[in-house]
Amino acid sequence: MSEPNAPLRPPLVTGDKTLSDVTQDICEPLECRPNALWWVAFLTSLSFLLLGVVAVWYQVATGIGTWGLNKTVGWGFDITNFVFWVGIGHAGTLISAVLFLFRQKWRTAVNRSAEAMTLIAVMCAGIFPLIHMGRPWLAFWMMPYPNTRGPLWVNFKSPLLWDVFAISTYLMISAVFWYVGLVPDLATVRDRTEPGWRKRIYSILCLGWDGSARTWHRYETVYLLLAGLATPLVFSVHTIVSMDFATSVIPGWHTTIFPPYFVAGAIFSGLAMVLTLMLVARKVMTLENYITKVHVDKMCKLILAMGCIVGLAYSTEFFTALYSGNAYEQFVFMNRALGPFNWAYWTMVSCNVIAPQFFWFRSVRSCLPVVFVLTLFINVGMWFERFVIIVTSLHRDFLPSSWASYVPSWIELATFAGSFGLFFTLFLIFCRVLPVIAIAEIKGAAHLKKVPSKQASVQEKVV
Amino acid sequence: MSERVILAHFEHEDDLLAATNAVRLEGLQIVDVFTPYAVHGLDKAMGLKPSRLTWVCFVCGMVGGLGMLWFEHWSASISWAINVGGKPWNSLPSDVPVAFEAAILLAGFGSVFALFAVCKLYPGKHIRMISPRVTDDQFVLVINEANASFDLSAVQDLLHKYDVVAIEEKLL
Amino acid sequence: MNDTSLSTKEQRKPLVYLVAASALVLLCGAAFAPDHLEINLGENSTWVLWDQLRLRIWSNLFVVAFFLLTIALGGTLFIALTYISGAGWHVAFRRIPESLAKALPVAGIFMLLVLGLRFQEYGWHHDWHGGPGTFWFKELWLTPWFWMIRSVAYVVVWSLLGKMLVSRSLKQDESGDTKLSDSNVGLSALFLAVYAVTFSLACVDWIMALDPLWFSTIWGVYNFSGMIQATLAVIIILGLLLRVQGRPLHGVFTDEHLHDLGRLMIGFSCFWMYIWFSQYMLIWYTNIPEETSYFIIRTHGSWGPVVVVSIILNWVIPFFVLLPQPAKRSSGIMMKVAIVVLIGRWVDLYVMIFPSTLISKPVFGIWEIASICCLVGAGTLLILRCFDAKNPVPAKDPYLKESLHYHAN
């Protein structure tokens, strides 16, 4: 029943692996002690995380007046970072759900770590609006629960409340999707682990998975359903994030293309981040046979496509500002390109639109150090995109007398660095305790070589 | 419950699929098949019916979406009517995003918990693996021997046609 | 021609008559019928039979031409997207989108003729100087000759790229050279880049400019979503018709292909709804006068129900009907849903174009029926002509085997 691979299809897994080789290769890092490189990376991330914790503690204790915001620029680093992290998360869902629906089998090499990345990135994102509330311990007020104030309900007409629901749903569904995918692999790890506390933890987490085909059958159904649900979810989440801006009447924020444009941008940034991480992981964890150059090539092409869509959205906005004849709209776009924040704007354009164009060349796509550098550029560029949208639309508003500039305070910088610390700390822990590649999925997707079967022997054994 | 079964071990999915299909066509009762990954087409080879979990998902989604829509309408225009930006109290377009999220959330959690319930998966469940290699690289086909017309040697001959690696008898 | 096409001249005759008769009705209407016709029913009451007839006929022709053009372009887009994504599942029936792509030049010329009839009207009127929204760029952009040159350029570029894509695929039938597939991948990338820019601009030039003060940045995406949805519907209908016993795709176009097309259809129905809602929601929420003009006329008053109908046909029905897995594998259900989607596409274009050409309330009469007959007849004839029954399957495509053995789940 295995489907005939067209002669043009390169193998998903290289190096003539058998099924048990796959298990061995992927589980091995979990069973030995971490190497020095891991410790260096972990301690560095942890120190950034600690810096972030101190900064968050300070700004919560003192108040968000410690930020560089002013009356005109009421949103700055915090929302930029929030949108940036949510966007990073989107590629995980794209790879695990959308590519699953499109039967792109190469996704199996990267989907697990991309999903983990989603989960961690959404956690990082959630921190920023929480701090911005000023009294994060009252965050539960965002939930509509019967209360003694009337009961007065939350404002369902506010895009910021839609965000609360969108981000929390996204976090929960991504977590469930990720966990459901992990269950069979946890069983694999359980059966390999020597009896002890580790085995006990894996046994509890894998929910008594025994590999029964009846379970697999239902499991596949639910996995498909979750992919089907996560796909519209990923669209809705960044659509709602974009509506935080687009439902306003601020030129540069209010434009109808924002929903699909933000979704494309989010996927673009996320893919760049996935590729950055994968290029490191395949080297450090010696997964070159699983995350092959073919995978990198496909990711580069996806990034190129997304980069072009993002570029098209930029030019559509510019064109429509010109076409509409709306003077305020035109001013915002001129101000972006030529005003005081033009350096941010041109950083964004060169990183997001020009840098990915190198991926047109096969030689670039196959030169991994160059790919690595380009993905870093895109990560930077997509952060600047959000910064440009948020700050340049605000800092010169309708009334020239209230024009202002914006410089982030060191507290904001430290919080941002801290979010990177959290991201990498959690990601490094994930690499140590859970299989970074979906073992069961890659076994099903890659047509591995058939082991020459041994002479069958009949054992009469009654237990 | 104790029943006498045959465990046939395979090392490749093609063999397993062909053997399962043949065993089912022979009219033998397949207790279960244990595999390290979801083998494509095994459900058809075993004669399993499509899962009804999709309906759970649909119903949960509808309940979540319509329920949230009703709640938004009730809270914003009946329980405590409030004017937001001059918009009508009952504004369908602004109710859609949250209702959509609620639909997805309920549909997702509903179908996953239904899966866990139907498959009896829960933390701390005590199981006895049919073979330790089943989560690694082995496929095990379990055939019920209870049938009176069961002919062990015929079944063995049948299984050998499909490169069976080992056959063992067991009481389950 | 006869030996390679699907039908004989005899079989095509009724279609030719249908197209000729409906075209004649439309032409006569445009040339001879009075622009305004009302019947006096006695004291103080008149029955307005029709009003602004020439405009109405032109709007009808516009819908027909844009419908046909976007389906032909959609076929090309389908080919390009599948090449670029390295897909193999669709190869068995790739001749269907290829036949759509072959219809591009004819559909494009028809579109240009319709546009040419009124291209002066699109221009920025000189007596509007200094009015709201006046700006040197808009005056330049909507200068009639510049506008017409662009329109011709779009059609020429699409037709050329579409022809190149198809001809390499046909060439592969003879040589079996896999390099032709590779070069089509590169060509598809070029097509997609060109398409993305030109189609967005074409939608602005042709449809958005009907209402010269209105603008929306999502417009190109919105038109893309409707276009791909209708194209999928056409591919499904053709696939089902051609796989009947004795027809060229019998045994080639399988339930598996149908299943995946159904999945794409439900996906793009949702995408259409998503884009429609995004545009509506943002304009409704911000309530800025220069933007709301588009939706006020369409959602208030007599156009309102038409918008609701378009949402039901384009999203509600395809979504809920195709949700169960078996529905996507059933020929009967898929055929019906595809027809519903095509009707929905017509309604969507109708409600997009008619209110903008200043037809104040929904009209449906002899002129609309004639134009729909013209659309169905001309579309069918075009495809009958373009589908090459001699080589109905890309026999030497390297992915053909994969496509024939494809399993959708």
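Worth a mention:
- Note on residue A:157: lysines with a C-alpha under 23 Å away, same-chain residues under 8 apart excluded, are B:87.
- Residues of type lysines that residue A:199 reaches as a straight line, Cα spacing below 18 Å, ignoring anything fewer than 8 places off in the same chain: B:125
- Choice from C:82, C:70, C:178 with maximal GNM fluctuation in chain C (Cα, 10 Å cutoff): C:178
- For residue C:292, the shell of other residues with beta-carbons less than 14 Å away shows a net charge of -1, using +1 for Lys and Arg and -1 for Asp and Glu.
- Sequence-separation-based contact order of chain A, relative, with Cα cut under 8 Å and 6+ spacing, percent: 33
- Highest-MSF residue in chain C out of C:103, C:370, C:31 [GNM, Cα springs under 10 Å]: C:31
- With both labels modelled 7 Å from their Cα along Cα-to-Cβ, the residue B:49 to residue A:198 distance reads 4.4 nm.
- Between C:268, C:146, C:387, the Gaussian network model of chain C with springs among Cα atoms under 10 angstrom shows the greatest mean-square fluctuation at C:146.
- DSSP H segments from chain C that extend 30 Å or more along their own axis, Cα-based, with Kyte-Doolittle mean of 1.6 or above: C:53-84, C:219-242, C:331-353
- About the centre of its Cα atoms, the protein assembly as shown shows a dipole size close to 620 debye [charges on the beta carbon of Lys, Arg (+1) and Asp, Glu (-1) only; nearest 20 debye].
- 10 Å Cβ neighbours from other chains, averaged over peptide C:263-270: 2
- Each of C:38, A:115, C:256 has some number of other Cβ atoms within 10 Å of its Cβ, and from fewest to most they run C:38, C:256, A:115.
- Peptides B:122-128, A:324-330, A:234-240, C:393-399 ranked from most to least packed, by the mean per-residue count of other Cβ atoms within 10 Å: A:234-240, C:393-399, A:324-330, B:122-128.
- Chain A: angle of helix A:111-132 to the longest principal axis, Cα-based, in degrees nearest 10: 30
- Dipole axis of the protein assembly as shown (+1 Lys, Arg; -1 Asp, Glu on Cβ), positive-most option in A:68, C:178, A:340: C:178
- Helix A:213-246 axis, angle to chain A major axis (alpha carbon atoms, nearest 10°): 10
- As a proxy for reagent exposure, ranking A:441, C:139 by other Cβ atoms within 10 Å from fewest up yields C:139, A:441.
- Helices of chain B meeting both criteria, an alpha-carbon length of 15 angstrom or more along the long axis and an average Kyte-Doolittle score not below 1.6, with helices taken as full DSSP H segments, are B:92-118.
- From its DSSP helices (H runs of at least four residues, each -39,500 (n - 2.57)), chain A gives a residue-normalised ellipticity at 222 nm of -21500 deg cm²/dmol.
- Prolate/oblate/rounded call for the protein assembly as shown, Cα gyration tensor, a/c under 1.5 rounded: oblate
- Leading residue at positive end of dipole, the protein assembly as shown (Cβ point charges), from A:108, B:171, A:92: B:171
- If a spin label sat at a point 7 angstrom from the Cα of residue B:79 along the line to its beta carbon, the backbone N atoms of region A:150-190 nearer than 17 Å would be those of A:150-158, A:161-162, A:165.
- Eligible aspartates and glutamates near residue C:9 by straight Cα distance, threshold 19 Å, same-chain separation 8 or greater: C:388
- Taking the C-alpha atoms only, the angle from helix A:293-324 to the longest principal axis of chain A is near 20 degrees.
Every number here is computed from the coordinates shown, using simple stated rules; none is lab data. Fair warning: this is a prediction, and the values are worked out from it, not measured in the lab. A quick note on method: Cβ atoms are made from the backbone with ideal geometry, for glycine too, and the neighbour counts reach across all protein chains shown.
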